[in-house]
Amino acid sequence: MTDTTSNKMWGGRFAAGPDAIMEAINASIGFDKRMAAQDIAGSRAHAAMLAATGIIQASDADAIREGLLTVLSEIDGGTFQFSAALEDIHMNVEARLKEVIGEPAGRLHTGRSRNDQVATDFKLWTRDQLDAADAGLVALIGALLTQAEAGAEWVMPGFTHLQTAQPVTWGHHMMAYVEMFSRDLGRFRDARARMNECPLGAAALAGTSFPIDRDMTAQALGFDRPSANSLDAVSDRDFALEFLGAASICAMHLSRFAEELVIWSSAQFRFVTLSDRFSTGSSIMPQKKNPDAAELIRAKVGRIFGANTALMMVMKGLPLAYSKDMQEDKEQVFDAADNLMLALAAMEGMVRDMTANRDHLAAAAGSGFSTATDLADWLVRVLGMPFRDAHHVTGTLVARAETKGCDLPDLTLDDMQAVHPEITNAVFDVLGVENSVNSRTSYGGTAPAQVRAQIARWKDNLK
């Protein structure tokens, strides 16, 4: 493919081409070539519509279609020569198309502009990322369900402030992330439905006088409908912002889970063992097994948050319709999408491979006076004590246990009755962690029966 620096495709308005600095700041081909497949799909749909409406000859449309397939095969095969002098993917494709088929290539741009062309390409690309995120989340949720089902009865400590609070089950903890990631899935699906309007045919900003069929091109490209306002169509980047917003929340959830895996896999906790596939060693300390994949997932959120903020800053002051500022809309979205997909895949792999250490979970579940709330609830339920009084009695018993260096179930009945004489032996039935989790039968609670019911519900939802 030849470098056509002197044959700028913006026409004859300018007598001289831009100098090297202007070319460098103006060109986007270094990154927007990622949208080559979407650009060619949009051009093929546009050419077919132009022929169907009689705007161009069918023979020209046939030549354009075959020529575009040739260009696509060159790009896919790595033989296409991209030129910064041609600025962007649209001009690069069109220039090569002219070399391949000659004069009919000049008819392709009838009834459209680069403004609606790039909006269409970017929407198609972002829609593909929404679909990829959807698939990644479904796979991750499936891995979490497998872990939850295996450990629906396994007791572990539940935390607040990273302090032992009450016993829960491993399955219940896994299902908490199922709920989080399912909301992320809903956000991506909502965004996809909202953005699925086709900008093609809005032209530069005002539409076109050619008798185009925008419904035909929208349908050909898998959109629900054409966009209803040409000004909005070429200047809208809400779809990219909404993708980044949903990606940011999803990345935050991934980061929270990654933080727990870092803590849980430490020698101090030993709640989980991560597989060698998602861990690394130390160059100097042979005993180390580092949860690097989890740590890197935890860091990815910064890049994705940053992309969201950057695009907000690009868009916040732009009058209608298109401004060149909007060329800065893609690189951060590309980077955020790449990092989100990588983080989803890595987390799904870690969850599928990790082993929960049931004995360590159970030992930790009974520490830190984790059944204190069960004791207070028993005092209310059995002795009819006001909860605030029960809270005080329980706190006194915790202090006594601390003094004796034992946990609540290890206190004697005499110890209990020294604080409140009406306490009976029946209190010990609620102080074991197994009894505690089995008693939490309220909807959404940690009781194994509730956990299994939620697992079954989610399995049905994912079918």
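The values are calculated or read from the model by the stated rules, or taken from the named source; none is laboratory data. Just so it is clear, the model here is predicted, and its values are computed rather than measured. Note: ideal-geometry Cβ built from the backbone for every residue, glycine included; neighbour counts use all protein chains shown. These accessible areas exclude ligands, DNA and RNA; they are computed on the full protein's heavy atoms, side chains included. Shrake-Rupley method; radii C 1.70, N 1.55, O 1.52, S 1.80 Å.
Things to note:
- Take the Cα of Phe387, go 7 Å toward its beta carbon, and the backbone nitrogen atoms of the range 426-463 under 20 Å from that spot belong to 430-431, 436-447.
- Note on the range 114-363: semi-axes of the ellipsoid equivalent to its C-alpha gyration tensor, largest first and rounded to whole Å, are 44, 18, 14.
- Accessible area of the chain belonging to carbon and sulfur atoms, whole % at 1.4 Å probe: 53 percent
- Per principal axis, descending, Cα span of the range 316-388 in whole Å: 73, 38, 16
- Karplus-derived HN-Hα couplings along the range 220-228 (A = 6.51, B = -1.76, C = 1.60, θ = phi - 60°), whole Hz, x at Gly and Pro: 4, 9, x, 8, 6, 6, x, 5, 8
- Between Asp338 and Thr53, the contour length at 0.36 nm per residue exceeds the Cα-Cα span by 98.7 nm.
- Relative contact order [Cα under 8 Å, 6+ residues apart], the chain, whole percent: 17 percent
- Here the simple spin-label model places points 7 Å from the Cα toward Cβ, and for Ala135 and Asp359 these points are separated by 4.2 nm.
- Restraint check, Lys330/Lys463; Lys300/Lys330; Lys300/Lys324, Cα-Cα greater than 25 Å: Lys330/Lys463; Lys300/Lys324
- Heavy-atom accessible surface of Phe428, to the nearest 10 Å², is about 60 Å², with a 1.4 Å probe and all protein chains retained.
- All-pairs alpha carbon distance profile, the range 20-107, 10 Å steps from 0, percent: 18, 47, 27, 8, 0
- Using a Förster distance of 30 Å, the FRET efficiency for Thr424-Ser367 (Cβ separation, nearest 0.05): 0.75
- When both the range 419-463 and the range 121-196 are represented by their alpha-carbon centers, they are found 23 Å apart.
- Debye log10 I(q)/I(0) at q = 0.12 Å⁻¹ for the chain, Cα point scatterers: -1.03
- Under 12 Å, Cβ to Cβ, from Val100 - net charge with Lys/Arg +1 and Asp/Glu -1: -2
- A 1.4 Å probe run over the protein chains yields, for the chain, 46 Å² of accessible area per residue, whole-number rounding.
- Extension gain, Ile263 to His161, is 35.3 nm, computed as 0.36 nm per intervening residue step minus the present C-alpha separation.
- Inter-part distance, the range 370-409 to the range 38-115, computed on C-alpha centroids, equals 76 Å.
- Summarising the amide proton neighbourhood of Trp154: residues at separation of 5 or more, or on other chains, whose placed amide H is nearer than 5 Å comprise Trp170, Gly171.
- Hz values of 3J(HN,Hα) by residue in the range 165-173 - Karplus curve (6.51, -1.76, 1.60), Gly and Pro given as x: 10, 9, x, 9, 10, 4, x, 5, 5
- For Arg194, solvent-accessible area (1.4 Å; no DNA, RNA or ligand), Å²: 140 Å²
- Pair-distance profile P(r), taking every C-alpha pair of the range 368-431, with 5 angstrom steps and integer %: 4, 21, 35, 29, 10, 2
- Couplings 3J(HN,Hα) of the range 134-151, computed from phi: 4, 5, x, 5, 4, 5, 5, 4, x, 5, 5, 4, 4, 5, 5, 5, 5, x Hz, in residue order, whole Hz [Karplus 6.51 cos²θ - 1.76 cosθ + 1.60, θ = phi - 60°; x for Gly and Pro].
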